[in-house]
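Okay, so here's the structure we're looking at.
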């Protein structure tokens, strides 16, 4: 029996685009713009300026510093207005604490999708996300579209989603993302691929995890309504190995335009923020040639 109803339709009315004007933020902008156009959404741009070092020069320079900061903020706001001119939008440019401004924007704008760019780090922290993107993923209660450093941007302006890859371990947190994957595939007349990755066999195992592959495929099939079977031609895959490697491999082989993952309601660091391990989620976002949509299970 199918467990996810086709009546679940994704609609993004208000999108928050957080930017620090870095190259990674710039790479995310075409996706934010194209989603806003496709869904007739309002795009809310947020830029939070760091306090200027000029403020340490003393009170006698305060009037000049205030004027300079206001001019810089106005310049940033004008730039964003020009960039977003083709879609309904508003712009918030503030100075100081990013998270206070971020949470205020979420509440004030009734945000139902966040779009953010991120970058990989070198050395020991190679698998980690940029700190702001990482914290957004941990804090956000609405879906987050993360554009990693390997994500291709050609064609993004037209939002050409021809293949959606939904990776799931079939636990409740992961299943919260299923309606989004299915609805997005249906909305864009895209092919839908559902993937479950099983651990490799351990020494002494009498039964290999892949021996359960048939039941896994059956459970994946149960997620997809009959109507979607006809329009999206779903493919059901069960792979064995490391989850991140298999997700990236399948995404590459199938030229996925979007990867959809589920997210847990947790406190603490991003290391525990998805239904996959933190290292797995990081590796997928950093290594994917397409955006990654993470969806958090709503609290009861």
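Readers should treat all values here as calculations from the given coordinates under stated rules, not as data from a laboratory. Predicted, not measured: the structure shown is a model, and the values here were computed from it. Positions of Cβ are generated from backbone atoms using ideal geometry, with glycine treated the same way; all protein chains shown enter the neighbour counts.
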Chain lengthening between residue 199 and residue 255 when straightened (0.36 nm per residue, less Cα-Cα): 17.8 nm
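Quick one: 21, 102, fewest Cβ neighbours within 10 Å first, how do they rank? Walk me through the intermediate numbers first.
Working: 21 11, 102 23.
Placing the least packed residue first, the sequence is 21, 102.
For 298, 246, 252, which order do you get if you count the other beta carbons within 10 Å of each Cβ and list the fewest first?
Details: 298 9, 246 20, 252 13.
Least crowded to most crowded, the residues run 298, 252, 246.
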